[in-house]
Structure formats: C-alpha cells, structure tokens
Amino acid sequence: MIGLVTDSASQIPPELAARFDVAVVPVMIRIGDVEYREGVDLGAEEFWEKLTRSDIPEISTSQPSPGAVAEVYRRLAEAGADEIVSVHVGSEHSGTVNSARLAADEVNVAVHVVDTATASFGVTCCVWEAAAVIVAGGTGAEAAARAEATAPRVGTSFIIQALDFARRGGRFATLPEADGAVVMSGVGGAVDVIATGHTVDELCDQMVAPFLESGRPIRAGVCLADPATLPFTEGLEARLCAAPVEVELVRYRVGPSIAAHTGPGTAGGFWYPIGD
C-alpha cells in the first residue's frame, strides 16, 4: 500500500481527494488574532464571508508543523502503508516541504517528498499524476518521479482584480497599475502579465487561450473563488468543454491559503498536457 499526501494549499477538490484516497495536511491561516486550520476550522465559504466585510483584518498563512505532517504519516502507516508519496506546494512559496522532510525522519516508513515548485491547483496536477502511477501498480519512487516530472509542464492562467490587496500580500508586489483586471500566465511556476481586460467575455478569452495554445489534450482545473467570480468559472468551463482538443476538467474552490494572497475577484485555473 502506498499512501498519498498533499497540503491544503493544493486546493485539491474533495471529490479528487476521495477518488485517489489523498490525505490532506491543513495549512495554517491567521485572521487577526485567531489561527485556523484550512479545511478543518475554516472553509472557503466562511473565509470569503470574512473577506467581504468592510473591516478586513490582517491575514497571513503558515506551513503545517512537522508534527502535524508526521501525524498524517503515522496514520497512513497504521492503516498499512509501507511507502508514502508526499507532494507539496513549492519551497519558494512555503516551508511545507521542509516540514514534510522533517516529519519523514519521525516515522518508520519510506517517505518520498516532492517539491513541486508551484502552488494552488498546480500541486494537485502533480498529485493527479502520482496517483495515476499508484493506480497502475507503480512504486512510491515511480509515483514521486512522475509528480516531479509533471511540475515543469504545469501551466496556469488567471486574473487578479483586487490589485492593491494582492500587492499587500507580497507575492504580487510588482503588479503594474492597470485600468481593469490583470491577466497572468506561465508554465513551470513562473508567471507574467500577458494582458488586461474589463468584461467577463474578454477576460475569459484571454485566460483560456494559454490552456489551448499547444493544441494537445490536457487535464485542467478551473477555480471558483468568491461567489461573484462564478461567471468567470462558468465562462472558462464552457470554452474548455467546447475546445477542439480533449479536456479532462474539474472545478476547485479557492480557499484561504491562496485567497489570502490573491484577494477577491480571482479567476482562472491550471492545466497540463496528457501523455508525453
């Protein structure tokens, strides 16, 4: 038995986690003076309700402790796992990989820790491929290698509308001034501004173009952030379902660990090509 682990910053949809029996370690979210475990004490709906209030408190995120990760590893080992593949948000974005490596030293089972060098659903793309290897009867080392090989092929395309909010979060401090939403895209963890726009149709067209640029079949995830972004979610899904290439599509929810940095109005998703 091979256990499969990720962290909640992967934004893995519950149905995908259940399909591949993925254990999810919660990222810590601090809102004002209160700390929450993402997906345990604080879900996406509750978070967005807090974020839409006029008196938004300071929000920060932190990686799970090595002890919290080790607890998940022990639970999997007790359930019969003799190997664990642990796939996480990139070390450039979070200290979660370090926590996983420290946790691996605390358990009596082989743990393969994967630094994906990406974030959000990009991590889930790597988990998806690792799971495919496990389902096909591969080893933990083979599943980890597939996840690592997938990471540089993962693309993202998204908009940021709350520009001041995103700049304050630090990760998008260099966002340009723009009259409208900023469209960002990239492959392999690096993203750049590719356009700006105003209407839902215009922005959906700009976001979906990178998904389909290669003309190859893809697996993709489209996000829903705060409820006001639903037209973007549906617009992207409609375009991908009508695409001239095969698209295996899921929807995921933007939760606190990502929304804390991008703010309300975020829309877009991730994809990667199927096959070699």
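The values are calculated or read from the model by the stated rules, or taken from the named source; none is laboratory data. Only a predicted model underlies this, so the values are computations on that prediction, with no experimental measurement involved. When we count neighbours, we look across all protein chains shown, and the Cβ atoms used for this are built from the backbone with ideal geometry, even at glycine. For the accessible areas, the whole protein counts, side chains as well, though only heavy atoms, and no ligand, DNA or RNA atoms are used. Shrake-Rupley method; radii C 1.70, N 1.55, O 1.52, S 1.80 Å.
Inspect region 22-29 for any residue being over 19 Å from the mean Cα position of the chain (by Cα) and either touching a residue at least 40 places away in the same chain (Cβ under 8 Å) or crowded, with 18+ Cβ neighbours inside 10 Å (or both) and give the result as yes or no. No, every residue in region 22-29 fails to be over 19 Å from the mean Cα position of the chain (by Cα) and either touching a residue at least 40 places away in the same chain (Cβ under 8 Å) or crowded, with 18+ Cβ neighbours inside 10 Å (or both). Scanning region 74-104 for residues that are surrounded by fewer than 18 Cβ atoms within 10 Å (Cβ to Cβ), closer than 19 Å to residue 27 by Cβ and in contact (Cβ under 8 Å) with a residue 24 or more places away in the chain yields 75, 91, 92, 95, 98, 102. Report the residue count in region 105-143 for those that are touching a Pro at 6+ places or on another chain (Cβ under 9 Å), closer than 21 Å to residue 75 by Cα and open to solvent by less than 30 Å² (accessible area, probe 1.4 Å). Count: 0. Filtering region 71-88 for residues that are closer than 27 Å to residue 190 by Cα, among the polar types (S, T, N, Q) and at pLDDT below 95 leaves an empty set. Taken together, 127, 113 contain a single residue that is within 21 Å of the chain's Cα centre (by Cα) and part of a strand (DSSP E or B), which is 113.
Among the residues of region 11-20, the one identified as touching a Gly at 6+ places or on another chain (Cβ under 8 Å) and surrounded by fewer than 20 Cβ atoms within 10 Å (Cβ to Cβ) is 13. Filtering region 1-10 to residues that are farther than 20 Å from residue 65 by Cβ and open to solvent by 10 Å² or more (accessible area, probe 1.4 Å) leaves 1, 2. Residues in region 11-50 that are among the aromatic types (Phe, Trp, Tyr) and closer than 18 Å to residue 69 by Cα: 36 alone.
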